[in-house]
């Protein structure tokens, strides 16, 4: 990475990150951070319209041009100020903005400025969807399939909450855009492909079904999910796409946000065990400060890329919220010995094995996890609990 001069200044506010974090917060409720995200994105859309930048300073100003400083960086890189993303066009930002606004509207938290910004995003999609863009991964300009599916999803989401004829118009616009992207964005095997000229599978393409551009049971959704599992998963870590013929993990680290996306889509596909495995594997990657980076080098056990990475934390909150339904159950004597592990989102930390052993050993017919704990217990924890609990407590261990 350092030899290829991949060193960047990330001290800015990405529109996509604002939208993802806002949607994640909305999954739990209309908390203040949702209102902050809506306000920031609305202001930028109303100011810039179809020329929306991918990122801004935290005060909403333009990002300065990139320049290097004669100072050493870590590990072996150089210090950089500014970011070239300020000159990019990323189409998916408009779709993500509509998804954010729709999430706010479902909580009755989208005011007049928000609705004006939504109309600006709708108009921008109609104007700019044919244009090549840099995409989610900020690469060379192409007609990335993910970018267009994000716009379809955003249009469908806002159509569901929009008043009057606006909803019908957005629904028709979404159908037309989906038909256009389907003509060139589907691989001969039936899954989505990265771009018309790029047949590779990309974990970002899972977002089409997750955000509602197409149904989860759509054959393209199912085929894409299976391709990601077969080609981009290694030991429970998910990579964004294959850069070249090298094995996964050599060209770059696992992308933590991809593991969380995969967890949510696996749950959407009805594969609960796979969902929890990906979630727990990814959740186990933070550093001592409990912050997540962009990538994780599995062999070295080290972070790579941006630290902290905003959209990883956003997807972590969303995944923790959506996956904390009552699915993991221990049965004892034919009656439930423990229900789901649930608690506030203030602490996204695992239930301690000692607590599981203590609760199981008590033989209680129904107990809740201690307050403050969230998430499902990983398989090693169940093994420890099963070995420690008295035989009469565990009649069966089921997922």
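The values are calculated or read from the model by the stated rules, or taken from the named source; none is laboratory data. These numbers were taken from a predicted model, which means no experiment stands behind them. Cβ coordinates were reconstructed from backbone atoms using ideal geometry, including for glycine residues, and neighbour counts include every protein chain displayed.
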Looking only at the range 243-268, which residues are at pLDDT 95 or above and more than 16 Å from the chain's Cα centre (by Cα)? none
Quick test for you: out of 214, 228, pick the one residue that is modelled with pLDDT of 95 or more and outside any helix (DSSP H, G or I). 214
Find the residue count for the range 248-281, including only residues that are free of Cβ contacts under 8 Å to residues at least 12 places away in the same chain and out of contact with any helix residue (DSSP H, G or I) (no Cβ under 9 Å at 6 or more places or on another chain). 3
Is there a residue in the range 133-154 that is modelled with pLDDT of 95 or more, more than 26 Å from residue 242 (Cα to Cα) and in a helix (DSSP H, G or I)? yes
Scan (1) farther than 22 Å from residue 206 by Cβ; (2) surrounded by 22 or more Cβ atoms within 10 Å (Cβ to Cβ) for the single condition residue 112 breaks and write down its number. (2)
Counted residues, the range 59-109 - those being assigned to a helix (DSSP H, G or I), surrounded by fewer than 21 Cβ atoms within 10 Å (Cβ to Cβ) and in contact with a strand residue (DSSP E or B) (Cβ under 9 Å, 6 or more places away or on another chain): 2
Residue count for the range 157-199, restricted to those that are more than 23 Å from the chain's Cα centre (by Cα) and part of a loop (DSSP other than H, G, I, E, B): 8
Give all pairs with beta carbons closer than 6 Å in which a residue from the range 22-38 that is at negative phi and in contact (Cβ under 8 Å) with a residue 24 or more places away in the chain meets a residue that is assigned to a helix (DSSP H, G or I) and surrounded by fewer than 18 Cβ atoms within 10 Å (Cβ to Cβ); count only pairs at least 6 apart in sequence or on separate chains. 25/33
